[in-house]
Amino acid sequence: MTERGFQLFPDQASSFAPRVDALYTFLVIVSAFFTLLIFLAIVFLAVRYRRSAVRDRKRRVGAKFWVLEAVWIVIPLALTMIMFLWGAALHFDQRIMPRDAIELNVVGKQWMWKIQHPQGRSEINELHVPLGRPILLRMISEDVIHSFYLPAFRVKMDVLPDRYHALWFEATQPGVYHLFCAEYCGTEHADMRGFVYVMQPSEYATWLAGGEQQPPVTAGEALFTRFRCDTCHYQGGQPRCPSLANLFGQPVRLSDGQIVSAEEQYIRESILNPAAKVVAGYQPIMPIYEGQLSEEQVFHLIEYIKSLSVMPPETGQPAPVEEPAQGFPADEENRDG
Amino acid sequence: MSAPVAASAGHVAHHFDDAEQQYASAELGMWLFLATEVLFFGGVFCAYAVYRYWYPEAFAEGSHHLDLPLGTVNTAILLLSSLTMALAVRAAQTSEQRAIVRNLGFTVLLGLGFLGIKSYEYYHKFEERLVPGPNFVTRHPELAQQPGGESRYPPPAEVKEEPRYKLSSTAELFFSLYFVMTGLHALHMVIGIGILGVLIVAAVRGAFSAAYFTPVEMTGLYWHFVDIVWVFLFPLLYLIH
Amino acid sequence: MDEEAYPRRNYLNADYRFRSWLWTTDHKRIAILYMISVTLFFFIGGAAAVIFRLELMTPRGDLTIAETYNRLFTLHGVIMVFFFLIPSIPAVLGNFVLPMMLGARDLAFPKLNLASWYIFMIGGLMAVGAIVAGGADTGWTFYSPYSSLYSNSNVILMALGIFVAGFSSILTGLNFIVTTHTMRAPGLTWFRLPLFVWSLYATSLIMVLGTPVLAITLLLLAAERGLGIGIFDPALGGDPILFQHLFWFYSHPAVYIMILPSMGVISEIVACFSRNRIFGYTFVAFASLAIAVIGFLVWGHHMFVAGGSIYAGMVFSFLSMLVAVPSAIKVFNWTATLYKGSVSLETPMLYALGFIGLFTLGGLTGLFLATIAVDVHVHDTYFVVAHFHYIMVGGAVMGYLGGIHYWWPKITGRMYPEWWGRLSAGIIFIGFNLTFFPQFVLGYLGMPRRVHEYVDEFQVLNVMSSAGASILGVGYLIPLAYLIWSLRYGRLASANPWGATGLEWRTPSPPTTYNFDKTPVVREEAYQYDQDELLSV
């Protein structure tokens, strides 16, 4: 199934693939046209005006000169503006995350991809996804910069340490496709690769049931108890620390007056380095968990904290927040919030 | 460093048509060199701007650990040295041989004074374990009870007293920038003092006069530039609230 | 041609002692020192490419292990970018002809010029030392935190070698700018300058304003790795993306440091071998400056998938598109220069025409990378590798070789063998396309760069590429051989064997130490090959 012969064009297996390929085809046509134009012009002129040929060699360009210069300024400019707008519009769709996606947690480390599904099943260097459903990957690296790349889906996103990046796609063709790390990440970078399996939803459900691991929410709850988070952060809260109920996605006022949105990045930072952003009215007394939790465990805790928020049933997402105006951008740079 | 090519004998090098062309070249060359210096420091200033925007509190904390009186004294010293440098250039333009040497000498002494105070500050930071790296104070939670330590575990609820020194782990970024910025500045000072030393030797031999003072003037430009860098560094590092 | 034309006293035989070369302040001799140095570096970098192209013949890592492969491509990138491409045309050809084109006896700061060469060599020896001591495995991009915290290789020495060599670049650029401003011959106004001078001026601006940013960035990286002063360390709250911003702020304009001088050489050659004034001289001249200026504003297109803001990405995409306009202006104007010319296809012209074609393709594929949605797919794949080799090898190296052949009679006083020249130009053109064109296809198929092993279906195209590389390698060895041969056996060259305009052709071949016996006076525009009746501008 994974054997492929010689190809000149990659498989089209996601909703993005035909759209990117259409733009690519446009670019190829423009490039081929101008390359041929220049090539033929050079050959023609070099032959016609070769030194041995007897030709009229007085150039009388005059006013036509300005027309020519204007033409070869305006036409390239116009074409590149088409490329820019087309590419930017398509990219916008790539980067605005859908609200009804299946959210998977991805941890990159030298040199493997660890992926966990919301129902608990984990896999390494493999990714099983159902056909026809938007899939959102929330990704972080444990060490250096990696880049999650699915060529058949035309999607790629760098995976950084200490920062969540998100990537989404919707698979449209069942099959097995390559998964690569695109950013050079050290000795075995070439081997940091695997396969993505696009399955019918029913097969996917069967596959999910095959795992035995705890769902992230349950694992997060266990961690919450194990690390004694519950001594302070129990339901309802108490004066020493803010409540976690209905926190996710809501605006939070900090001690320095800033307002941030309680997204994954903020929660992660507040677990690992609580003093960085302190909620208004509270003392920075929470211990630092930096170095004590793996990235998977942080994911689990975040899933648990998310589960403490009441989600409107139909979207699976928290009620909309006032602050973010343009939906839910993939880069969760709450640092500058 | 690009002390402009000096021709001691006859003052005009073989490839120039006249002294005017030579002077114009030296001047343009020096300004271009200073432009590269601006971009060189620009890289760190850019890093500073980004991190200060992200971590205003860590920067304020870090800044409180700097020695403001010593920084102020150093600022005054450098400004004074710019004055003596300007006087040296003036003396060269008016061919006052002894004044050239004297003012260059003052400039060197003030520069050395600055570096002396800076070294003392560095030494103090070293003692306080505020030099970035594995010994940095926030990397050692066992120092929690000592000044400068950061508590890993929550203090008992009844402890109300603010710790005398409060530092978060991102403060290490501030000190990284502090040492890089002031270190690069100090390196420029050392190079400047070296060039001034060469100039003094030449000035004692009577190399400079109203007819030829390009090296003194160009070194002056360099020295003023280094001072201006400090004028930016001082408020950015010492005066954060 | 005849023995008479060969000047008895010239810069080459003015003094035969070894010392007279190592302490020379003559821009022409310094150019020769650079030529020897960059040629050595070119073959060091090329040897690495030979090994890894062999490795890539098969999908498995059978010739080299991963550690070796990673060191090889790092070596190739660092040496080729910082120690061959960046100094090649400016420091060799620019050094040699710029003062002559201006009618000057030397650069404004001859001692500084020599110092630049020594600084370059110190940096080069540090880089070679890092390689000999086991190499670095970060890629020439040194991305943090891999380079600062994870790599087990000689990153510090390699980075400091580049840091040191950067100052050579800064000082050369400074020297060129000052020389162009202050040392022009009487009557040589800005719009009478040869286009090579314009392009060197634009290049020098980038060298002077961009290189210091790279210098500080690599210094910070070395400080982080060596002293634990963590500016980019994510564990301290530092930002590895900031490293990428600072790195590309220089390293994208650095691409224009490589290609702009080449464009200048092409302007000289195309004008000379079609006996025409460059069509749209002012447009071509200002296009160089436009590329230099816009080049500083497009670095973010290297980071479309690094997770920055969408809107920043769009701004960088838009600005990157704009680079296409001055590039297109140049290509069209060169082509139009052939119109009603008197075209002869000597070796330099073959390189120049080859350059125009390859640069066109390289530039157009750059638009794929500026188009965000397509870049998301091809970023960090072989598509990028193919694109920048079309610019750097198809562009910069072709321009360098064209320029070397064009000015060889002036530099050495001897002609190279024309037949061999044309043959190797053809071999290089064919070998180049066979090497790099398949890589566009590989990239769109999704083959990541910097891998020693790959999936089986990519093998056919990789074998094609490696086959092309062997042809390309032969193509580069032929000129090395016949150019050295010509030093002794080549026909003696006259002062102006091509019948070219330009002040450098008014000196003997090879020139005397001070270039001109008396300062020339310029009374006409550049490239007065014909008497255009109505050609305005």
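Bear in mind these aren't lab numbers, they're just calculated from the coordinates by the rules spelled out. Every value quoted in this text rests on a predicted model; they were computed, and no experiment measured them. So basically every Cβ, Gly included, is an ideal-geometry build from the backbone, and we count neighbours across all protein chains shown.
In terms of the mean number of neighbouring beta-carbon atoms within 10 Å, the peptides A:258-264, B:213-219, A:149-155 order highest first as A:149-155, B:213-219, A:258-264.
Distance distribution P(r), the range A:141-295, all Cα-Cα pairs, bin width 10 angstrom from 0: 9, 27, 29, 23, 12, 1 percent. Shown is the FRET efficiency for C:V521 and C:H181, computed with R0 = 25 Å from the Cβ-Cβ distance and rounded to the nearest 0.05: 0.85. Going from the residue with the fewest nearby Cβ atoms within 10 Å to the one with the most, A:D230, B:D17 rank A:D230, B:D17. Prolate is the label for chain A, because a/c, from the alpha-carbon gyration tensor with a ≥ b ≥ c as root eigenvalues, is 1.5 or above and a/b exceeds b/c. Averaging over all projection directions, the Cα-based convex hull of the range C:156-223 occupies 4.7 nm² in the image plane. Counting only the Cα atoms, the range A:1-85 fills a convex hull of 113 Å³ per residue. Using alpha-carbon positions, what is the distance between the centroids of the range C:75-112 and the range C:36-58, in Å? So the separation of the two Cα centres works out to 23 Å. As a rough footprinting exposure proxy, the listed residues C:E418, C:E268 were ranked by other beta carbons within 10 Å of their own, and the order from fewest upward is C:E418, C:E268.
Of C:W334, C:W190, how do they rank once you tally other Cβ atoms within 10 Å and put the fewest first?
With the fewest neighbours first, C:W334, C:W190 line up as C:W190, C:W334.
A simple spin-label model places pseudo-atoms 7 Å from Cα toward Cβ; at C:Y514 and C:F286 they are separated by 4.0 nm. According to the Cα-based calculation, Rg over Rh for the range A:168-237 is 1.17, with Rh computed by the Kirkwood formula.
Calculated FRET efficiency, A:R253 to B:I191, Cβ-Cβ distance, R0 = 56 Å: about 0.65 to the nearest 0.05. In terms of its C-alpha gyration tensor, the range C:1-126 has a prolate overall shape, because the principal axis ratio a/c (a ≥ b ≥ c, square roots of the eigenvalues) is not below 1.5 and a/b outweighs b/c. Highest GNM mean-square fluctuation, chain B, Cα pairs closer than 10 Å: which of B:L68, B:L104, B:L78? Of B:L68, B:L104, B:L78, the most mobile in the Gaussian network model is B:L68. Angle of helix C:155-182 to the longest C-alpha principal axis of chain C, folded into 0 to 90 degrees and rounded to 10: 30°.
Helix C:27-55 versus the longest principal axis of chain C: what is the Cα-based angle in degrees, 0 to 90, to the nearest 10? The angle comes out near 40 degrees. The 3J(HN,Hα) values that the Karplus relation (6.51, -1.76, 1.60; θ = phi - 60°) gives for the range A:208-223 are, in residue order, 4, 5, x, x, 10, 6, 5, x, x, 4, 5, 4, x, 5, 4, 5 Hz. Gly and Pro appear as x. Overall, the protein assembly as shown carries a charge dipole of about 4040 debye about its Cα centre when +1 sits on the Cβ of Lys and Arg and -1 on the Cβ of Asp and Glu, all other atoms neutral. Inverting the pair-averaged 1/r between distinct Cα atoms of the range C:100-204 gives 15.8 Å as its Kirkwood hydrodynamic radius.
Normalising the average separation of contacting C-alpha pairs (under 8 angstrom, six or more residues apart) by the number of residues puts the relative contact order of chain C at 20 percent.
Here each label is just a point 7 Å from Cα along the line to Cβ, and for A:F9 and A:A53 those points are 3.8 nm apart. Close amide H partners of C:T381, meaning residues 5 or more places away or on another chain with modelled amide H under 5 Å apart, are C:R449. Stokes-Einstein, applied to the Kirkwood radius of the range B:60-116 over Cα pairs at a viscosity of 1.306 mPa s and 10 °C, places its translational diffusion at 128 µm² s⁻¹. Averaging the Cα positions of each part gives two centres, and for the range A:220-297 and the range A:141-214 these lie 29 Å apart. Overall dimensions of the range A:41-149, expressed as equivalent-ellipsoid semi-axes from the Cα gyration tensor (√(5λ), whole Å, largest first), are 58, 19, 12. Normalised by the number of residues in chain A, the average gap of Cα pairs under 8 Å and 6 or more apart makes the relative contact order 17 percent.
Using only alpha-carbon positions in the range C:314-393, the gyration tensor eigenvalues give semi-axes of 29, 15, 7 Å once each is multiplied by 5 and square-rooted (largest first).
Restricting attention to the protein assembly as shown, close to 70% of DSSP beta bridges with both partner residues there are antiparallel.
Remark: spin-label model distance C:Y118-A:S307 equals 7.1 nm, labels positioned 7 Å along the Cα→Cβ axis. The C-alpha atoms of chain B occupy a region whose extents along the principal axes are 80, 31, 27 Å, arranged from largest to smallest. Pairs over the 22 Å Cα-Cα cut-off, from the set C:K340/C:K410; A:K277/B:K118; A:K114/A:K156; C:K28/C:K410; A:K114/A:K277; C:K28/C:K111: C:K340/C:K410; A:K277/B:K118; A:K114/A:K277.
Coordinate range of the alpha-carbon atoms in the range C:482-531 per principal axis, descending: 39, 27, 12 Å. What's the percent breakdown of Cα-Cα distances in the range C:260-328 across 5 Å bins, shortest bin first? Final binned percentages: 3, 16, 21, 17, 13, 11, 8, 6, 4, 2, 0. Across bins of 10 angstrom width beginning at 0, how are the C-alpha pair distances of chain C distributed, in whole percent? In order of increasing distance, the bins hold 4, 18, 30, 28, 14, 5, 1, 0 percent. Three principal axis extents describe the C-alpha atoms of the range A:101-165; from largest down they are 32, 27, 19 Å.
What average number of partner chain Cβ atoms lie no more than 10 Å from the Cβ of the residues making up C:209-221?
Values: counts 6, 2, 3, 9, 6, 3, 4, 11, 4, 1, 5, 7, 0.
Average per residue, whole number: 5.
Overall dimensions of the range B:44-144, expressed as equivalent-ellipsoid semi-axes from the Cα gyration tensor (√(5λ), whole Å, largest first), are 39, 16, 10.
Compute the FRET efficiency between A:L40 and B:F232 as 1/(1 + (r/R0)^6), taking r as their Cβ-Cβ distance and R0 = 56 Å, and round to the nearest 0.05. Before the final figure, lay out the partial values.
Working: r = 57 Å, r/R0 = 1.02.
Result of the calculation: an efficiency of 0.45.
Around C:D15, with a cut-off of 11 angstrom between Cβ atoms, what is the net charge of the other residues, counting Lys and Arg +1 and Asp and Glu -1? Once positives and negatives cancel, what remains is +3. When Rg and the Kirkwood Rh are both derived from Cα coordinates, the Rg/Rh ratio for the range C:208-247 amounts to 1.00.
Relative intensity of the range C:333-484 on a log10 scale, I(q)/I(0) at q = 0.10, 0.12 Å⁻¹, equals -0.41, -0.57, per a Debye sum over C-alpha point scatterers of equal strength in the absence of solvent.
Each distinct pair of alpha carbons in the range C:242-389 adds a 1/r term; the inverse of their mean, the Kirkwood radius, is 16.2 Å.
What does the charge count near A:S15 come to, summing +1 for each Lys or Arg and -1 for each Asp or Glu among other residues with Cβ under 10 Å from its Cβ? Combined, the nearby Lys, Arg, Asp and Glu give 0. If only the Cβ of Lys and Arg carry +1 and only the Cβ of Asp and Glu carry -1, the dipole of chain C around its Cα centre is close to 1280 debye. Give me the tail of P(r) for the range A:36-84 as a percent: Cα-Cα pairs with distance above 18 Å. Everything past 18 Å amounts to 57 percent. Only alpha carbons enter this Debye calculation for the protein assembly as shown, each as an equal point scatterer, and the log10 of I(q)/I(0) it gives at q = 0.05, 0.06 Å⁻¹ is -0.37, -0.53.
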